[in-house]
Amino acid sequence: MDEIAPKPWRSFEQQLELLTERGLIIEDKGQAAEYLSSVNYYRLSGYILSFKTRDLFHRGVTFDHIVAVYEFDRNLRNLLTGLLELIEISTRTGIAYFLGRIDREAHLHGKHFLIEGEHSNFLKNYFRITDEARRGHELFVEHHDAKYGGILPIWAAVEIMSFGVLSRMFRALKNDIKKSLCSEFFGVNWVYMQSWLHALAHLRNVSAHYGRIYDKKFSIQPKISNEPFSRDKVFAYIYVAGVLCPVDDDWNYFVTKLEELIETYEDNIEFDHIGFTNNWVWSSIILVESTNS
């Protein structure tokens, strides 16, 4: 089989020429070149895909339009990052408090976990991040090394776990533990909680790496019953986050900022590309009310 030659390097001006040849309207090429000098062409190309068929742009598409979609996505990602931080910290707190009451070193003892292999895999990740924390001179880890032989209690251990590691630990716990934990702290069936933590940890990872959210079909879909929207778009993740957000005022703030963001970019975005229903604001209000009931 013949090898396919790699794409050639192109200057910012040549990149714009290529876009123009494919039908993109660029009103200010100097300004566009300056934008490409700060936002990689390849990063922007992920947003370009929904505006063209094969190699040709749809009629009337402008460079400014694509930039607006990119900026909407960036602002949405930043807004979600703040919300996910609240949920992650709250989840750590609830899990640590509940497990610590059972066993201060619950994360280290296989008797609390469903399958020995899953616990072993969790421990490999846990010891890896503990070693990283030591190399980074994390003060509370050094304190436990000096005073308690390096064994972190669960309430300290959760503070070095990523959202993904925390989610995997939760998934590996025995079902009766998950059931009692969720009933006491989260008011959510453990089956849903397990799915939601997995999904939100994935979204957190996408956001941390500045990944695209707009027009993205998520492979990890949160378990949701009887809701009139797609589970593979970001709206499903936002819906779940609304249930798990620990403070109503924080959720209301998020919804307000989300409304402002959409109002700013509503002429540039397609609602179905983010999975929003036509009555998304109404859905958000009902969601807040349902979490208080």
Distance between region 25-97 and region 209-273 - C-alpha centres, whole angstrom:
15 Å
Between their Cα atoms, which of Lys52/Lys217; Lys124/Lys147; Lys179/Lys223; Lys111/Lys179; Lys29/Lys257; Lys7/Lys217 are more than 21 Å away from each other?
Lys124/Lys147; Lys29/Lys257; Lys7/Lys217
Quick one: the Cα spread of region 65-109 along its three principal axes, in angstroms, biggest first?
55, 16, 7
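Could you tell me what % of all Cα pairs in region 68-211 have separations over 28 Å? Walk me through the intermediate numbers first.
Working: 2292 of 10296 pairs.
Within region 68-211, distances greater than 28 Å cover 22 percent of Cα pairs.
With Cβ to Cβ distances under 13 Å as the rule, what net charge do the other residues near Pro246 carry (K, R +1; D, E -1)?
Result for the neighbourhood of Pro246: -4.
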For region 199-255, taking Cα atoms only, what is the radius of gyration to one decimal and the Dmax to the nearest whole Å?
11.7, 32
Among the Cα-Cα pairs of the chain, the proportion with separation greater than 30 Å, in percent, is 45 percent
Residues meeting the amide H criterion for Lys52 (H placed from the backbone, H to H distance under 5 Å, 5 or more places apart or on another chain) are His58
Could you size up the charge dipole of region 61-171 around its Cα centre, putting +1 on the beta carbon of Lys and Arg and -1 on that of Asp and Glu, and report it in debye to the nearest 20?
340 debye
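Working out 0.36 nm times the residue gap between Asn125 and Val188, then minus their Cα-Cα distance, what length gain in nm do you get to one decimal?
Roughly 20.0 nm would be gained on extension.
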Diffusion coefficient in µm²/s returned for region 58-143 by Stokes-Einstein, Kirkwood Rh over C-alpha pairs, 4 °C and 1.567 mPa s, is 76 µm²/s
Taking only protein heavy atoms into account and a 1.4 Å probe, give the accessible area per residue of the chain in Å².
55 Å²
Env charge @ Ala146, Cβ radius under 13 Å, K,R +1 / D,E -1, value -1
Would you work out if region 142-222 is rounded, prolate or oblate? Take a ≥ b ≥ c from the square roots of the eigenvalues of the alpha-carbon gyration tensor; rounded if a/c is under 1.5, else prolate when a/b is larger than b/c, oblate otherwise.
oblate
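Taking all protein chains in place and a 1.4 Å probe, what share, in percent, of the accessible surface of region 157-251 do carbon and sulfur account for?
Values: 1780 of 4030 Å².
For region 157-251, the apolar C and S fraction of the accessible surface comes to 44 percent.
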Square roots of five times the C-alpha gyration tensor eigenvalues of region 1-65, ordered largest first and given in whole Å, equal 21, 16, 11
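Take each uninterrupted DSSP H stretch in the chain, measure its Cα extent along the helix axis, and return the ones at 30 Å or beyond whose mean Kyte-Doolittle hydropathy is at least 1.6.
On the way: long enough: 63-102 (58 Å, 0.43).
Flagged H segments: there are none.
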What do you get when you divide the Cα radius of gyration of region 28-71 by 2.2 N^0.38 Å, with N the number of residues?
1.11
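The values are calculated or read from the model by the stated rules, or taken from the named source; none is laboratory data. Since this is a predicted model, take the numbers as computed values, not measurements. In this analysis, Cβ positions are derived from the backbone assuming ideal geometry, glycine residues included, and neighbour counts consider all displayed protein chains. The accessibility values were calculated without ligands, DNA or RNA, using every heavy atom of the protein model including side chains. Shrake-Rupley method; radii C 1.70, N 1.55, O 1.52, S 1.80 Å.
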